[in-house]
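Student: Okay, here's the structure, questions in a sec.
The numbers here are math on the coordinates, done by the rules we state, and not lab data. The shown structure was predicted, so the numbers you read here are calculated from the model rather than taken from an experiment. Neighbour counts are summed over all protein chains in view; Cβ atoms, including those assigned to glycine, are modelled from backbone coordinates with ideal geometry.
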Amino acid sequence: MKFTEEHEWLRPEDDEADVVTVGITEHAAEQLGDLVFVELPEEGTTVAKEDEVVVIESVKAASDIMAPVDGEIIEVNAALVENPALVNEDPLGAGWFFKMKVADIGDLDQLMDEAAYKKFI
Amino acid sequence: MADQDLMTTPLHALHAELGGRMVPFAGYEMPVQYAPGVMKEHVHCRSHAGLFDVSHMGQVILRPGSGDAADAARALESLVPQNVLGLAEGRQRYGLFTNEAGGILDDLMIANRGDHLFLVVNAACKADDIAHMRARLPGDVTVEEITDRALLALQGPDAEAVLESLAPGAAEMSFMDVRTLASDCGDLWVSRSGYTGEDGFEISVAADRAEAFARALLDHDAVAPIGLGARDSLRLEAGLCLYGNDIDASTTPIEANLLWAIQKSRRPGGERAGGYPGADVIGAQIDAGVQRLRVGLLPEGRAPMRAGTPIFAGEADTDPIGAVTSGAFGPSIERPMAMGYVSIDHSDVGTKLWGEVRGKRLPVTVQSMPFRPATYKR
């Protein structure tokens, strides 16, 4: 699993080397507070690193989830639209945001591993 | 303001022990939430009872030299458009300090406690309110800021039973009654009121007994501590104004839809009409109406419309007809809610309007408030 400084996690799919599932960390979910709104991108959207791809709003404020690397959004977690609380309940599992096909898997090496992320927070 | 400049309340250590996430608020370090978070705290308050530390608010006694609260009431009527003289002993009412332009300087609670009036004012305004009263009230009315007492609110359906167990007599009180009740933590100055739309109490307790009293309340399984985050979503569901957001010196009580808070005796034609700052402006608005009005706004989708969201009459209109002043997600109504000012032509309940969120026009409907009916014990 890889992590960004924006508190996203990326989990490579077992059977597809260039596909990652993306969500936010427990730390981020706790800091944001209860989520009440999630707006997801269209499947098939091509994104560049740091594009704002997801809008989330907690009880406190709105914020964005950025694309962690270049690639294409291939699947979104539609369950979040009706139940944004899934992100708070299970940020590393049922609270995932989207799956993306990574343009260059070498980009993943630039991200933090779990030990580095724990140090970062 | 740097953290070391922040003031603290007598419950500061308890907040830390309870895991409160502390933030600066009106010059105080206050808990915005505890471990359960805003949503769970909100729901707990509506289903059981919530304990709020509101000790940052100003507690003020107006003490007349005569010992007759009516003399303080007569004096206070020169600063507020409320019928204070008609407020019976042991009763409380909502009030407003106004300025010469008819704007609102602060909103407050006014209680008649027999030989004096007891006021509760907003934390951010208290210094100005006290200076205003000292400058404007006659010399035989003393303005005493109470700094040796904490203020707690206990709100929710279980509040009555819990407070009655610690301070017998609480259960006999009705909404907006005020009483002094004896307890193991000394005399409590209790009003049956609050800022959540729930039945409940606000309780002034000696500062050095406040933590013990709060612990005694929290010993009840029904009572959980509630932070400022849920306090805000609770008050918005109840349709109550937040001073500085929904009302301020640029809004009049009539624009703010608070005519109900100006009793007939102080309106044009009443027996003590006018006689408060801005009475000419406010009186004219009572007679002739206003150009804009504070209304409830219910967004149709799930996207919250926050304070500052511009409101349009048409999906493609270029000029806004109003703006949101408070907006959040309502945990009990399970949808976003907002209040704001719209032009009078678009203020009827049911009017379909548009709010612009992140560049998109989203449908929103003018809605009567409260969003969730109050459960006061009348």
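Student: Just B:T318, B:T351, B:T142 to compare: in a GNM of chain B, with alpha carbon springs under 10 Å, which one fluctuates most?
Tutor: Maximum fluctuation in the GNM of chain B, among the listed residues, is at B:T318.
Student: So, one more: For the pair B:E172 and A:E16, how long in nm is the line joining their label points, each one 7 Å along Cα→Cβ?
Tutor: 7.3 nm
Student: Below 8 Å, C-alpha to C-alpha, sequence gap of six or more: please give me the relative contact order for chain B in percent.
Tutor: Computed over chain B, the figure is 17 percent.
Student: Restricting things to Cα coordinates, could you compute the convex hull volume per residue of the protein assembly as shown in Å³?
Tutor: 157 Å³
Student: Provide Rg over Rh for segment B:291-367; use the alpha carbon set for both Rg and the Kirkwood Rh (inverse mean inverse pair distance).
Tutor: 0.93
Student: Beyond 29 Å, what share of the Cα-Cα pairs of chain B remains, rounded to the nearest whole percent?
Tutor: Cα-Cα pairs of chain B separated by over 29 Å account for 43 percent.
Student: Let me ask something else about it. Taking amide H positions as placed 1.01 Å from N in the peptide plane, with prolines and chain starts having none, which residues 5 or more places from B:L242, or on another chain, fall under 5 Å of its amide H?
Tutor: Close amide H contacts, sequence-distant or interchain: B:I247.
Student: Work out from phi, with θ = phi - 60° and the Karplus expression 6.51 cos²θ - 1.76 cosθ + 1.60, the ³J(HN,Hα) of each residue of segment B:205-219, listed in order in whole Hz, and give x for Gly and Pro.
Tutor: 9, 3, 4, 7, 10, 5, 5, 4, 5, 4, 5, 5, 5, 6, 5
Student: Follow-up. From other protein chains only, count the Cβ atoms within 10 Å of every residue's Cβ in B:328-337, then give the mean.
Tutor: Partner-chain Cβ atoms within 10 Å, mean over residues of B:328-337: 2.
Student: Give me P(r) over segment B:227-308, computed from all C-alpha to C-alpha distances, binned every 10 Å, as integer percentages.
Tutor: In whole percents, the pair-distance histogram is 14, 41, 27, 14, 3.
Student: Give a residue-ordered list of calculated ³J(HN,Hα) values for segment A:92-109 (Karplus: 6.51 cos²θ - 1.76 cosθ + 1.60, θ = phi - 60°; whole Hz; x for Gly, Pro).
Tutor: 8, x, 5, x, 5, 9, 7, 10, 10, 8, 7, 5, 9, 5, x, 4, 5, 5
Student: Whole angstrom only: what separates the Cα centroid of segment B:220-287 from the Cα centroid of segment B:78-156?
Tutor: 13 Å
Student: Something else about it: Give the Cα extents of segment A:2-104 along the principal axes, in whole Å, largest first.
Tutor: Projected onto the principal axes, the Cα atoms of segment A:2-104 cover 36, 25, 22 Å.
Student: Give me the net charge of A:A62's neighbourhood, meaning all other residues with Cβ under 14 Å from the Cβ of A:A62; Lys, Arg count +1, Asp, Glu -1.
Tutor: So the environment of A:A62 carries a net charge of -1.
Student: Here's something else I'd like to know. Assuming R0 = 41 Å, what is the FRET efficiency of B:A249 and A:D90, from their Cβ-Cβ distance, to the nearest 0.05?
Tutor: 0.30
Student: What list of ³J(HN,Hα) values in whole Hz, one per residue of segment B:9-19 in order, does the Karplus curve 6.51 cos²θ - 1.76 cosθ + 1.60 (θ = phi - 60°) give from phi, with Gly and Pro shown as x?
Tutor: Computed from phi, the couplings for segment B:9-19 are 9, x, 9, 4, 5, 5, 4, 4, 4, 7, x Hz.
Student: Would you pull out the residues with amide H under 5 Å of B:T142's amide H, same chain only if 5 or more places away, H placed 1.01 Å from N?
Tutor: Residues meeting the amide H criterion: B:R63, B:G65.
Student: Over segment B:291-367, what is the relative contact order in whole percent, taking alpha-carbon pairs under 8 Å and six or more residues apart?
Tutor: 40 percent
Student: Using R₀ = 25 Å, calculate the FRET efficiency as 1/(1 + (r/R₀)^6) where r is the Cβ-Cβ separation of B:M7 and B:N99; round to 0.05.
Tutor: Calculated transfer efficiency: 0.40.
Student: Still on this model: By the scheme Lys and Arg +1, Asp and Glu -1, what is the net charge of all other residues having a beta-carbon under 13 Å from that of B:I130?
Tutor: The answer is -2.
Student: While we're here: If you add up the charges near A:I24, with Lys and Arg at +1 and Asp and Glu at -1, over every other residue whose beta carbon is less than 9 angstrom from its beta carbon, what do you get?
Tutor: Residues near A:I24 contribute -3 overall.
Student: Further question on the same structure: Show the residues, 5+ positions off or on another chain, whose built amide H is closer than 5 Å to the amide H of B:G330.
Tutor: Distant-sequence amide H within range of B:G330: B:R335, B:M337.
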